[in-house]
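What follows is a single structure, written as structure tokens, with notes after it.
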Amino acid sequence: MSVNINIRNAVKRYGKNTVIENLTLSICGGEFFTLLGPSGCGKTTLLRMIAGFNSIEGGDFFFNDTRINDLNPAKRNIGMVFQNYAIFPHMNVRKNVEFGLKNRPFDRKLIHSQADKFLKLMQIDQLADRMPAQLSGGQQQRVALARALCIEPDVLLMDEPLSNLDAKLRVEMRTVIKEIQNSVGITTVYVTHDQEEAMAVSDRIAVMNGGVIQHVGTPKNIYQRPANTFVATFIGRSNMLEGDMTVENGKAVVSLPTGYKAVFDTVAPENLKAQPVTLCARPEELIVETGEGEGLKAVIDSSVFLGLNTHYFVHLLSGERAEIIQESSIDSIIKPGTQVRLRLNTEKANLFTKDGSRNLLTGVDNDLDKEAV
Amino acid sequence: MKRKFEVWSVITWIFLALFALFLVYPMYGILKQSVINKDGQFTLEQFAKFFSTPYYSSTIQNSFVVTIAVTAVTLLLGIPFAYFYSFYQLKGGKFLFVVSILCCMSAPFIGAYSWIMLLGRNGVITVFFKDVFGIKLGSIYGFGGILMVQALKFFPLVFVYMNGAFKSIDNSLIEASANMGCTGVKRFFSVIMQLSMPTILAASLLVFMRAFADFGTPLLIGEGYRTFPVEIYNQYLGENGTDHNFAAAISVIAIVVTALVFFLQKWATKKYNFSINCLNPIQKRKPQGVGGVLMYVYCYGLIALAFLPQLYIVYLSFRNCDGAVFKPGFSLVNYEKAVKKLLVRSIDNTMIFGVVSLALIILFAILIAYLVVRRPRPLNHTIDTLSMLPYIMPGSIIGIALVIAFGKKPLALTGTAAVMIIALVIRRMPYTIRSATATLQSIPISTEEASLSLGAGKLKTFLTVTTPMMANGIMSGAVLSWVAIVTELSSAIILYNNKTITLTMSTYAAISRGNDGLACAFAAILTVLTAVSLILYLAVTKSEDIKL
């Protein structure tokens, strides 16, 4: 019974300023879907269009087969969790949770037990008589979630719900949110600018920038095979290097700074042609080696020991700077000023067109491309 | 650890001494006069007389009834007005705001006077209806008149307060309720009004206190409907049969009543102890359709009605007039007469009293706010509590208390400018202290600590860091204090004489002598003076955060 959301050619304008131009997206029933992007990318705007708080200047929004463009927010059967929770400060926890039920044709006699069910689910049943001012941030968050779920909505919308919590609580609450979503099985659209949070909770993520969706995919795919350099740099860290691709014996050979040549087996057949490329290597995809051999020649600038990992900051002999993460070893840390070789993990690293707009490798799974069909 | 001596301790004691002399001692004087008879014996006969004689006891009841009616009507008028203003983009919103401020800050009795000129026995509208249609309009005198004049004057207070409350409501609360199926009128009552309850109570108290103590309006328009401030005045300064002891007794009763209302309101407010953290302010919508038209009609109609008296007075002041009869044609004859009737002295006095009182009020407010917030000691809390006393004391009672206390040697101040200034300072100080205290509480102490750690001394820190940071909050309070001082009537009417006459008193004197042209000239000058002060202030601050 979970509802899928279909957005076709959505347009959002504020006056003459177009924020979202022609956005198309499908969200599957029961899925935990995250809109991720830097602030001002239009993710909250899109969420509020789904909720009905922003006007829709063009396109169609469907819940299953029902077009909801002109449906009153109150009639969309949406549960929403707001950034600052929007808990009514003048009502106690129970009244807050029951508020939505009282505003719909719901058997009065069942309101109490329905509220109890969700108070228990969120483990705040012992706080039912408290006023919001007496609750901690995490507890308020639980109330907001209980209140949103209590009306058994078709869709749950969450607008940066964890951004007001401290770091530790944020990690705890995102687990809670994910577990609850799993057990209730409700279609959920979640907005955040925190990529780690997005990875932790989502079934699928849409990375947005400038009102345009860049990549829709699983957290794993978005991290490992980002559709373009924006996604590569926004999700996790990336070292970007300029290079030139040539084809030798049917294999892509990329010439990198300091004379290093790396062979790629992962380039998609249709992209196998000589062209300038941008190499994107995550810090863990560069391996530091000392002594003679192949690799990017670099000099260690500084290092940070973080227990599990050690971060090295280096500059290549050709001038570019790079960051490397290595699992900490029992030996001593390589001293600043040491010349090293950086070998590339060509299986993991990504190659883009020179302008960074397209990934050249196989295995890029961007659901956005399927929408166009 | 021995506490180090510091200059603030001295200031604490200076304030305690000042308050004892100018506040506690006069209050004690009133209390004493109410229970000690002419032979120096203790007696409660004055109170017995008040409660056993319906002629007198009805005044308190009348005051109560009309004031509660006024409070209710101001809420009914002001809350929708504020709602439309805060939730919709009304064209000319700024204009509505400014004019409504002008309405509620006008001199207290000018509205009543102007309505009499419009709707009274010989008022233009009354006469017009009688001559043209042969319709006899109902009497404006009495309960209905007081209600109308005060409601039209005080609803902007509710508006300004509610506007502040609505602005502090987080938009996501509105959206959350829409999300859960609660919109329109239902949302207005179950969410918006509930969230604004503390402010509604605060505004109600303010209106109640102002209306209850209002002396000018019932004096002019009340006639047979006798309220207690007028009764106190009559018993104290009336033309026949004054009884100072009895006036003192009524004063004590009045203070008790206002104090009760004050504490009742505090008690009620405690029930609504919550705060809103407002990240996203309300987004104003465009008014649309029939509802939108009605909104405009309501807002502009109400403002026009409330502002009409002031405009009419200014208009009348330019009409030819002979005594109490306005004649066709326009001239400056009224102003010429005003110049002969102490106009210059009135303006001088008004300005001098205003500037001196305001300077003292600001100085005291800054120092007391600092003592209360940064040096929270029992003695300083005593100062804080004492400074709020005048809040529950109607102006005429402060006037009488000062006469009793300083009418004879060794401190014979009655009739001097000093006593006028003392009365004004006492009357307005509580408001400015409140806003100064609130401002200082919102300033983190770390800024001052930073200054101290950077080597500035305590005094230097206070003067160059604390005071400038407080300036904004104090200025908004100070301008309104200035206007209130300039238009002060109720205490001044008891304390003034020919030498210390002010614009308000000149106006009142002219009205009571039936000199309508002259009265209009004075009233017009007063109206323009307050309007200019307020508009200047609003233009400079560009802010809507007015603390009344």
In degrees rounded to 10, the 0-90 angle between helix A:93-102 Cα long axis and the longest Cα principal axis of chain A is 70
Residue among B:Val483, B:Cys104, B:Tyr508 farthest towards the positive dipole end of the protein assembly as shown, charges placed on Cβ | B:Tyr508
Find which of A:Val171, A:Thr45, A:Leu25 sits farthest along the positive direction of the dipole of the protein assembly as shown, computed with +1 on the beta-carbon of Lys and Arg, -1 on that of Asp and Glu, about the Cα centre.
-> A:Thr45
Any aspartates and glutamates with Cα under 15 Å of the B:Lys94 Cα? List them, leaving off those in the same chain fewer than 8 positions away.
-> B:Glu544, B:Asp545
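Which of the three applies to segment B:88-173, rounded, prolate or oblate, going by the alpha-carbon gyration tensor with a ≥ b ≥ c and a/c under 1.5 meaning rounded? Walk me through the numbers before you get to the answer.
Values: a/c = 2.89, a/b = 2.42, b/c = 1.20.
Cα axes put segment B:88-173 in the prolate bin.
Out of every Cα-Cα pair in segment B:439-548, what percent are more than 22 Å apart? Intermediate values should be presented prior to the final figure.
Numbers: 3230 of 5995 pairs.
It works out to 54 percent of all Cα pairs.
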Would you mind computing the Rg to Rh ratio of chain A from its alpha-carbon coordinates, Kirkwood style for Rh?
-> 1.06
Work out the length of the dipole vector of chain A about its Cα centre, built from +1 on the beta-carbon of each Lys and Arg and -1 on the beta-carbon of each Asp and Glu, and round it to the nearest 20 debye.
-> 1240
Using alpha carbons only, how many degrees (0 to 90, rounded to 10) separate the axis of helix A:108-121 from the longest principal axis of chain A?
-> 30
Rounded D (µm²/s) - segment A:128-200, Kirkwood Rh over Cα pairs, Stokes-Einstein at 37 °C, 0.692 mPa s | 254
Evaluate chain B: find the radius of gyration of its Cα atoms, find its Kirkwood radius, and give the ratio Rg to Rh.
-> 0.98
Binned at 5 Å starting from 0, the alpha-carbon pair-distance distribution of segment B:1-82 in whole percents comes out as 3, 11, 9, 10, 10, 11, 10, 11, 10, 7, 6, 2, 0
In whole angstrom, note down how far apart the Cα centers of segment B:221-254 and segment B:299-350 are.
-> 30
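Take the Cα pairs of segment A:38-187, get the Kirkwood Rh, then feed it into Stokes-Einstein at 25 °C and 0.890 mPa s and tell me D in µm²/s.
On the way: Rh = 16.2 Å.
For the chosen part, D equals 152 µm²/s.
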Please compute P(r) over all alpha-carbon pairs of the protein assembly as shown, binned at 10 Å starting from zero, and give each bin as a whole-number percent.
-> 2, 10, 15, 16, 15, 13, 11, 8, 5, 3, 1, 0, 0
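Of all chymotrypsin sites (Phe, Trp or Tyr not before Pro) in segment B:251-342, which ones are in loop regions per DSSP and have a Cβ with at most 12 other Cβ atoms within 10 Å? List each step's numbers first, then the result.
Details: sites: B:Phe262, B:Phe263, B:Trp267, B:Tyr272, B:Phe274, B:Tyr296, B:Tyr298, B:Tyr300, B:Phe307, B:Tyr312, B:Tyr315, B:Phe318, B:Phe326, B:Phe330, B:Tyr335; in loops: B:Tyr272, B:Phe274, B:Phe318.
Hits after loop and neighbour filter: nothing returned.
Cut-off is 10 Å between beta-carbons; in what order do B:Arg428, A:Arg170, B:Arg374 appear when sorted fewest neighbours first? Could the numbers behind the result be given before it?
Details: B:Arg428 25, A:Arg170 20, B:Arg374 16.
Fewest-to-most ranking of B:Arg428, A:Arg170, B:Arg374: B:Arg374, A:Arg170, B:Arg428.
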Mean projection of the alpha-carbon convex hull of segment B:329-435 over all orientations, in nm²?
-> 9.7
Going residue by residue through segment B:360-376, the Karplus relation 6.51 cos²θ - 1.76 cosθ + 1.60 with θ = phi - 60° gives ³J(HN,Hα) values, rounded to whole Hz and with x marking Gly or Pro, of 4, 4, 5, 4, 4, 5, 4, 5, 5, 4, 5, 4, 6, 7, 9, 10, x
To the nearest 20 debye, the protein assembly as shown has a Cα-centred charge dipole, built from +1 on Lys and Arg Cβ and -1 on Asp and Glu Cβ, of 3260
Name the residue farthest towards the positive end of the dipole of segment B:1-64 from the options B:Trp8, B:Tyr25, B:Ser52, assuming +1 on Cβ of Lys and Arg, -1 on Cβ of Asp and Glu, about the Cα centre.
-> B:Trp8
Which pairs break 22 Å Cα to Cα here: A:Lys12/B:Lys284; B:Lys38/B:Lys499; A:Lys75/A:Lys370?
-> B:Lys38/B:Lys499; A:Lys75/A:Lys370
Over all residues in A:78-86, what is the mean tally of Cβ atoms on other chains that come within 10 Å of each residue's Cβ?
-> 6
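Give me the dipole magnitude in Debye, nearest 20, for segment B:297-377 about the Cα centre, with unit charges on the beta carbon: positive for Lys and Arg, negative for Asp and Glu. Don't jump to the answer; show the numbers that get you there.
Values: 9 positive and 3 negative charges, 70 e Å.
Result for segment B:297-377 is approximately 340 debye, rounded to the nearest 20.
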Anchor A:Lys335: lysines whose Cα lies under 16 Å away (excluding residues fewer than 8 positions away in-chain) = A:Lys297
Return a whole-number percent for the relative contact order of segment B:114-193, with Cα pairs under 8 Å and 6 or more residues apart as the contact set.
-> 16
Compute the separation of the alpha-carbon centres of segment A:146-187 and segment A:293-321 and state it in Å as a whole number.
-> 40
log₁₀ of I(q)/I(0) at q = 0.10 Å⁻¹ - segment A:141-285, Debye sum with one point per alpha carbon = -0.49
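State, as an integer percentage, the relative contact order of chain A based on alpha-carbon contacts under 8 Å between residues 6 or more apart. Each step should come with its number before you reach the end.
Details: 795 pairs, mean separation 59.4, N = 373.
Reported as a whole number, the value is 16 percent.
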Can you pull the three principal axis extents for the Cα set of segment B:202-317, in Å, largest first?
-> 61, 47, 21
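Based on the alpha-carbon set only, what is the convex hull volume of segment A:259-372 divided per residue, in Å³?
Working: hull volume 15.4 nm³, N = 114.
Hull volume over Cα atoms, normalised by residue count, gives 135 Å³.
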Going by the alpha-carbon gyration tensor, a ≥ b ≥ c the square roots of its eigenvalues, is segment B:269-376 rounded (a/c under 1.5) or, if a/c is not under 1.5, prolate (a/b greater than b/c) versus oblate?
-> oblate
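Below 8 Å, C-alpha to C-alpha, sequence gap of six or more: please give me the relative contact order for chain B in percent. Mind dumping the intermediate values first?
Working: 708 pairs, mean separation 114.2, N = 548.
The value is 21 percent.
Only the coordinates and a few stated rules stand behind these numbers; no lab work does. Quantities reported herein were computed from a predicted structural model and do not represent experimental measurements. Note that each Cβ is placed from the backbone with ideal geometry, even for glycine, and that neighbours are counted across all protein chains shown.
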